[in-house]
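Visitor: Sharing a structure here in structure tokens format.
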Amino acid sequence: MSAASSAGACGVVNPRHVRKTVLSREQSEGRGARVRRSIGNSTFPNFDPFLMLDEFNAGLPAAFVDHPHRGMITVTYVLPDSRGCMDHEDSMGNSGRLAAGDLQYMKAARGILHAEVPKDSTPCHGLQLWVNLPAKHKMDEPEYQELRADELKHASQNGVEAIIIAGEAFGVSSQVRTKECPVYYIHFKMAPHSELRQNIPAGWNAFAYTLAGKADFGSGSQVEAHHTVAFSNGSGEDGVVVRSHGEHAEFVLISGTPSNEPIVQHGPFVMNTREQIMEAFSDFQGAKNGFESARGWRSEIQYRAR
């Protein structure tokens, strides 16, 4: 993160402007789940290096049962207001439970098969982000980083609270490692009549996804919940300025360094060529070249969704 180590420590001089604002509508996903898809829809098929951002609010019998990944990172963040929990289990023997405010940063890389299923019928409210891995890291070994709510870094300034999932805000840095694909992922909560000035490294793509309240992201109009706000990425633009007016605002601000490589995606497989996608299917079906752990594996938690 050396290129971004000083971001957030100085004021924004030349803010980015809003390029597009789009409402994220509900759609079906997994087994019986409904999500609001921000990135990964027809308006934003991807936003290099980001492949998908879903807001989910699901309880049993809805579930995301056994499915594979290759070539990407998944970041699952259960929002602090969530009443429910999400359990996870994978073919490499990892399992656990994500409760309100918890984070899982899973580098799927060369291959993993996993499941995510709510603990019970109480809805689990959270976000899942998919980040594309650069070609040189797509066949790395899988890796997990999992943090509890009280382990995530927090900072506040002038009526704005930041939960720092990755990157830096107000001079405080997250401990989450993102060296393969450097990203900032920050959950901001703004009091009424407050202002946020957040630096974003030069050349990084950036967007916000709104969760509650209303905020002005620089267009002069207030943006309500469940909208994606895509920012410009011009020369000399050093960050964003966000203002709340008569009510609070809550959103995540996500930015990252684009790979500028071809992206070929088929479901949970994300590679650089069509041939590599076909190899991923062959490897998964044959339980080889990174999918050895998937041979004969079935999660226990998937049976809750029946």
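Visitor: Starting from residues that are out of contact with any Phe, Trp or Tyr (no Cβ under 9 Å at 6 or more places or on another chain) and in contact (Cβ under 8 Å) with a residue 12 or more places away in the chain, keep the ones in region 269-289 and report whichever is farthest from His114 (Cα to Cα).
Guide: If we take residues in region 269-289 being out of contact with any Phe, Trp or Tyr (no Cβ under 9 Å at 6 or more places or on another chain) and in contact (Cβ under 8 Å) with a residue 12 or more places away in the chain, then Asn272 is farthest from His114 (Cα to Cα).
Visitor: Looking only at region 106-127, count how many residues are under 18 Å from Thr178 (Cβ atoms) and touching a helix residue (DSSP H, G or I) at 6+ places or on another chain (Cβ under 7 Å).
Guide: 1
Visitor: If you don't mind, there's one more thing I want to ask. Take region 53-69 and flag every residue that is closer than 17 Å to Tyr144 by Cβ and within 16 Å of the chain's Cα centre (by Cα).
Guide: His69
Visitor: Looking only at region 13-37, how many residues end up being farther than 28 Å from Ala58 by Cβ and assigned to a strand (DSSP E or B)?
Guide: Adding up the residues that qualify gives 3.
Visitor: So which residues in region 93-129 are part of a loop (DSSP other than H, G, I, E, B), more than 16 Å from Ala166 (Cβ to Cβ) and acidic (Asp, Glu), if there are any at all?
Guide: Asp120
Visitor: Could you list, in sequence order, the residues of region 108-147 that are touching a Pro at 6+ places or on another chain (Cβ under 9 Å) and of a type in the set (Lys, Arg)?
Guide: Answer for region 108-147, where residues must be touching a Pro at 6+ places or on another chain (Cβ under 9 Å) and of a type in the set (Lys, Arg): just Arg110.
Visitor: For region 290-301, which positions are surrounded by fewer than 18 Cβ atoms within 10 Å (Cβ to Cβ), touching a residue at least 60 places away in the same chain (Cβ under 8 Å) and either of a type in the set (Val, Ile, Thr) or in a helix (DSSP H, G or I) (or both)?
Guide: Ser293
Visitor: What are the residue pairs meeting all of these: first residue in region 84-107, first residue in contact (Cβ under 8 Å) with a residue 12 or more places away in the chain and within 21 Å of Leu53 (Cα to Cα), second residue assigned to a loop (DSSP other than H, G, I, E, B) and of a type in the set (A, V, I, L, M), Cβ atoms under 6 Å, and 6 or more apart or on different chains?
Guide: Cys85/Ala99; Tyr105/Val176
Visitor: Tell me, yes or no, whether region 146-154 has at least one residue that is within 22 Å of Ser82 (Cβ to Cβ), assigned to a strand (DSSP E or B) and of a type in the set (Asp, Glu).
Guide: yes
Visitor: Which of the numbered conditions does Ala135 fail, given that it passes all the others? Conditions: (1) over 15 Å from Gln104 (Cβ atoms); (2) buried (at least 23 other Cβ atoms within 10 Å of the Cβ); (3) not hydroxyl-bearing (Ser, Thr, Tyr).
Guide: Ala135 satisfies all of (1) over 15 Å from Gln104 (Cβ atoms); (2) buried (at least 23 other Cβ atoms within 10 Å of the Cβ); (3) not hydroxyl-bearing (Ser, Thr, Tyr) except (2).
Visitor: On to the next question. Could you grab me the full set of residues in region 182-231 that are on the phi > 0 side of the Ramachandran plot, touching a strand residue (DSSP E or B) at 6+ places or on another chain (Cβ under 6 Å) and without any contact (Cβ under 8 Å) to a residue 60 or more places away in the chain?
Guide: Residue satisfying the conditions is Gly213 alone.
Visitor: State which residue is modelled with the lowest pLDDT when the search covers only region 259-279 and only residues that are in contact with a Pro (Cβ under 8 Å, 6 or more places away or on another chain) and not in a strand (DSSP E or B).
Guide: Applying the filter and picking the extreme gives Pro268.
Visitor: Still on this model: Would you mind finding the one in Asp102, Asp87 that is closer than 19 Å to Glu250 by Cβ, touching a helix residue (DSSP H, G or I) at 6+ places or on another chain (Cβ under 6 Å) and either buried (at least 17 other Cβ atoms within 10 Å of the Cβ) or among the polar types (S, T, N, Q) (or both)?
Guide: Step by step, each of Asp102, Asp87 is checked, and only Asp102 is closer than 19 Å to Glu250 by Cβ, touching a helix residue (DSSP H, G or I) at 6+ places or on another chain (Cβ under 6 Å) and either buried (at least 17 other Cβ atoms within 10 Å of the Cβ) or among the polar types (S, T, N, Q) (or both).
Visitor: Which residue pairs have Cβ atoms under 9 Å apart, sit 6 or more places apart or on different chains, and have a first residue in region 16-40 that is over 22 Å from Ser121 (Cα atoms) and a second that is surrounded by fewer than 20 Cβ atoms within 10 Å (Cβ to Cβ) and β-branched (Val, Ile, Thr)?
Guide: What qualifies is Arg16/Val241; Lys20/Thr43; Val22/Thr43; Ser38/Val22.
The values are calculated or read from the model by the stated rules, or taken from the named source; none is laboratory data. The model shown is predicted, which means the values in this text are computed figures rather than measured ones. Every residue, glycine among them, receives a Cβ derived from its backbone with ideal geometry; neighbour counts consider all protein chains shown.
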